[in-house]
1. Being away from chain A (no Cβ under 14 Å) and in contact (Cβ under 8 Å) with a residue 60 or more places away in the chain is the filter here, so list the residues in region B:193-205 that pass it.
2. Somewhere in region A:12-20, is a residue more than 14 Å from chain B (Cβ to nearest Cβ), at positive phi, within 16 Å of ligand 2 (Cβ to nearest atom) and out of contact with any helix residue (DSSP H, G or I) (no Cβ under 6 Å at 6 or more places or on another chain)?
3. Among the numbered conditions (1) loosely packed, with under 12 Cβ neighbours inside 10 Å; (2) in contact (Cβ under 8 Å) with a residue 40 or more places away in the chain; (3) assigned to a helix (DSSP H, G or I), tell me where residue B:51 comes up short.
4. Residue under question is residue B:63, and the condition is that it be away from chain A (no Cβ under 14 Å), part of a strand (DSSP E or B), buried (at least 20 other Cβ atoms within 10 Å of the Cβ) and at pLDDT 85 or above; does it hold?
5. For residues in region A:91-100 being surrounded by fewer than 23 Cβ atoms within 10 Å (Cβ to Cβ) and in contact (Cβ under 8 Å) with a residue 12 or more places away in the chain, which is nearest to the other protein chains (Cβ to nearest Cβ)?
6. Determine which member of the set B:83, B:29, B:70, B:13 is touching a Phe, Trp or Tyr at 6+ places or on another chain (Cβ under 7 Å), away from chain A (no Cβ under 14 Å) and of a type outside the set (Asp, Glu).
7. Give the residue, chosen from A:166, A:175, A:141, that is part of a loop (DSSP other than H, G, I, E, B), modelled with pLDDT under 95 and surrounded by fewer than 20 Cβ atoms within 10 Å (Cβ to Cβ).
8. Among the residues in region A:81-93, are any assigned to a helix (DSSP H, G or I), under 20 Å from the mean Cα position of the chain (by Cα), more than 16 Å from ligand 2 (Cβ to nearest atom) and more than 28 Å from residue A:14 (Cβ to Cβ)?
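The values are calculated or read from the model by the stated rules, or taken from the named source; none is laboratory data. Not measured: the values here are computed from a predicted model. Using ideal geometry, Cβ is built from the backbone for each residue, glycine included, and neighbour counts are taken over all protein chains shown.
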Amino acid sequence: MIKMNDVYKKYSNGVVAANGITIDIDRGEFVYVVGPSGAGKSTFIKMMYREESPTSGQIFIDGTDLGSLKNKQIPYLRRQIGVVFQDFKLLPKLSVYENVAFALEVIEETPAEIRKKVTDVLALVGLSQKARMFPNELSGGEQQRVSIARSIVNEPKLVIADEPTGNLDPDTSLGIMNIFEKINNRGTTIIMATHNKDIVNKIRHRVLLVEGGMITRDEYEGEYSYEG
Amino acid sequence: MKARTLGRHFRESFKSLGRNGWMTFASISAVAVTLLLVGSFIVMMMNLNKMADNIENDVEIKVVADAAASDAAVKELQEKVESIDGVASVEYASREEELDKVIKQYGKELALYKQSNPLGDALYVKAADPHNTAEIAKEIDTYEYTAEVVYGAGKVEKLFNVVKISRNVGLILILALLFTAMFLISNTIRLTIIARGREIEIMKLVGATNSFVRIPFILEGIWLGILGSIIPITAISIAYQQIYAYWQPKLVNEMFQLLKPMPFILQVDGLLLFMGVFIGVWGSLMSVRKFLKV
Ligand SMILES: Nc1ncnc2c1ncn2[C@@H]1O[C@H](COP(=O)(O)OP(=O)(O)OP(=O)(O)O)[C@@H](O)[C@H]1O
Ligand SMILES: [Mg+2]
């Protein structure tokens, strides 16, 4: 599903955030990306949907070489990937329902499809009752769930989440993990950057440890622990 | 694109006009002021052009044949002149006709010259392109039976220069004004877009194509252009008809005629509308460009 080959990323300010990453992630896997702040987790993730592009090296998503992708094709890459952003990226003027529907309008789904899919996904994340509310009327965990609903409403093959449980209490975090488990069981590949030690150690999956822009540990059924 | 999507784009563009009321007003004003100036310039330029054309077309060369030349010699001279490249027409006037003209102009006393007419036959020559007048005159001057060639020498060239310079200055002014307006509008719209930068970013990240993001802005630009051109179009149409009604009867001289309001004013209006829409669209595309690089 995801293949990286000696990927190197240097930002314009000189920071090297990916320093020779080579990785292979299969379809249907659930992968945690852990590591200290500033290690390059978000950068690693952003390169998958081309929010950032690598300075050198190759990235393949589902067999597509992102390096050979033309600007015009990027939207179609992104439609296959659901992204849960570290800062949610919800539109304050739109209701919960509209925020989720927005992702489908943009890709020109029919109104009937939109209605059905949004209703289903809001039920899945447990927000059916709050569909008409606005983001500022929701708790952090609820906003997080709207963001997740939006990322999966189009039934992507790959869901990427950047700290989806950041700043949430343990119960809410578990609730969110439940959603990810559910869609993972449907065959969706999940990549999740996280600082949440409890979750990583409790719900075991493959763990990639990123330090200084490099993957220094790659373990199936891994643990959170790292030095520093 | 699907009709449904187009409907969405229309709704979005109208919503945005309403939401950014103050900016909308500023943009429309910028377009209106510019088009008012540009429109006035165009009206003046076109009339100046018409005048210049009238004057240009009026430039003719008067060739006076030798008083001593025989009818056959004058005929030969006329044929020679007619065969010059770039000569459009040659009109013959006999020495008697010439004298009649002089008498008519300067008084009956001159009628006594009818006894022994001092004038030669004359040829009135028009060049196909008035700019070649000087060259043709020079050529004719070298012919055997030519006594004199008259064509308002320096004056004509000077006139051409004045017309040319004012045309160029006008054109530069119009272009400068248009650029200023585009700049103003793109800045105004940019201010409204910064607030929407987040929305655009999210659209792009969830897989919107650039054209999907752009089209509402293009439409918004079109509305701004149309709204901005209403006032100048109305003002110029009314003003020109008033001016024409007032001045035209007083301008009897053939050289200084104003252009008839129809269809001239309609053409100017169309041009203004087109420019308004162009400025609006260009301005909004410029301002949205930066945000598409997500
Ligand atoms: N757009 C950018 N321009 C310049 N430098 C950047 C940019 N984004 C990230 N960096 C730098 O790259 C390095 C890696 O950042 P990244 O966001 O990938 O870290 P992270 O592992 O996600 O951290 P956190 O756990 O705090 O989210 C950091 O040193 C950061 O300062
Ligand atoms: Mg990060």
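1. First, the residues of region B:193-205 that are away from chain A (no Cβ under 14 Å): B:193-194.
Passing the criteria: only B:193.
2. To start, the set of residues in region A:12-20 that are more than 14 Å from chain B (Cβ to nearest Cβ) comprises A:13-20.
Those left that are additionally at positive phi: A:14, A:20.
Pick out the ones that are also within 16 Å of ligand 2 (Cβ to nearest atom) and you get none.
No, the conditions are met nowhere in region A:12-20.
3. (1)
4. yes
5. A:91
6. Numbers: B:83 fails: touching a Phe, Trp or Tyr at 6+ places or on another chain (Cβ under 7 Å); B:29 fails: touching a Phe, Trp or Tyr at 6+ places or on another chain (Cβ under 7 Å); B:70 fails: touching a Phe, Trp or Tyr at 6+ places or on another chain (Cβ under 7 Å).
Selected residue: B:13, the only one of B:83, B:29, B:70, B:13 that is touching a Phe, Trp or Tyr at 6+ places or on another chain (Cβ under 7 Å), away from chain A (no Cβ under 14 Å) and of a type outside the set (Asp, Glu).
7. Result: A:166 is the single residue among A:166, A:175, A:141 that is part of a loop (DSSP other than H, G, I, E, B), modelled with pLDDT under 95 and surrounded by fewer than 20 Cβ atoms within 10 Å (Cβ to Cβ).
8. To start, the set of residues in region A:81-93 that are assigned to a helix (DSSP H, G or I) comprises none.
There is no residue in region A:81-93 that is assigned to a helix (DSSP H, G or I), under 20 Å from the mean Cα position of the chain (by Cα), more than 16 Å from ligand 2 (Cβ to nearest atom) and more than 28 Å from residue A:14 (Cβ to Cβ).
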